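Read-outs: derived from the displayed coordinates by stated rules, not from any lab. Given the structure is predicted, the values throughout are model-derived calculations rather than measurements. A quick note on method: Cβ atoms are made from the backbone with ideal geometry, for glycine too, and the neighbour counts reach across all protein chains shown.
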Amino acid sequence: MKNPLQMLLMIFALGLCGLCTWQWYSQVLQRKEMTAIAQTNYDETVSIQGYTNTINNMDKQIGQMDERIAELRDLVKSNNVEISNLTDEKNRLTGQIEQYSNAVEVLRSQIAVANDTIRNQNESVKSLVAERDEYVKRLNESVKDRNGIVTKYNELVKQMEAMQAAQSKKKPAPQSGTQ
């Protein structure tokens with residue numbers, strides 16, 4: 001009677017050792033996967049932070065450019081007022097061409113300078129708008145990149161959940177083999 005009980009005890013002890021070994025091995029694999037996923041998550045978090053910083057910098061630059069454009073528009077408006085005043089002055093002096101021919105020439109040169117200034121300002125506004133559009137394009141590209149990272153992260157989370165579900169289904173199989 002002792003011999004069959006001892007044999008049964010040894011079988012259970014060996015089965016328990018095998019179960020512990022199998023459980024240890026599966027936990028080592030799970031820990032490796034968790035470490036890899038944690039590293040991937042960390043890398044993506046760092047990338048997202050970098051993109052966020054880039055977006056914040058671009059937002060500041062766009063704000064500064066918008067302020068500069070507003071200043072230039074105000075300057076254009078003031079120049080338009082000046083041009084209209086100069087045009088009125090020119091029309092008033094046109095009736096007195098013989099007496100004020102020198103004054104008319106001065107006004108013409110002032111109008112030419114104002115027109116050149118306006119053209120230069122218009123070119124400046126156009127270049128600032130082009131730069132702003134470029135920054136907006138970069139912002140859109142960085143948002144697309146960030147959305148791609150989020151999509152990859154979601155896929156990794158789904159894969160992790162699928163792996164955990166598969167492993168939870170695998171756990172009962174070794175127990176049935178030891179019985």
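Axis of helix 2-94 versus longest Cα principal axis of the chain: the two differ by about 0°, to the nearest ten degrees.
With a threshold of 31 Å on the Cα-Cα distance, the over-threshold entries among LYS77/LYS144; LYS60/LYS152; LYS32/LYS169; LYS60/LYS126 are LYS77/LYS144. Taking the longest Cα principal axis of the chain as reference, the axis of helix 101-170 is set at about 10 degrees. In percent, rounded to a whole number, the relative contact order of the chain is 38, using alpha-carbon pairs under 8 Å and six or more apart. With the helix formula -39500 (n - 2.57) applied to DSSP H stretches of n ≥ 4, the chain reaches a computed 222 nm mean residue ellipticity of -36000 deg cm²/dmol. The charge dipole of the chain, taken about its Cα centre with unit charges on the Cβ atoms of Lys, Arg (+1), Asp and Glu (-1) only, comes to about 1620 debye. Each of GLN39, SER78, THR52 was placed along the dipole of the stretch 17-80 (beta-carbon charges, centred on the mean Cα), and the one lying farthest toward the positive end is GLN39.
When the chain is treated as a Gaussian network with alpha carbon springs shorter than 10 Å, the biggest mean-square fluctuation among LYS169, LYS137, LYS77 belongs to LYS169.
Positive end of the dipole of the chain, charges at C-beta (+1 Lys, Arg; -1 Asp, Glu), about the Cα centre: which of SER109, MET160, LEU16 has its Cα farthest in that direction? Farthest towards the positive end: LEU16.
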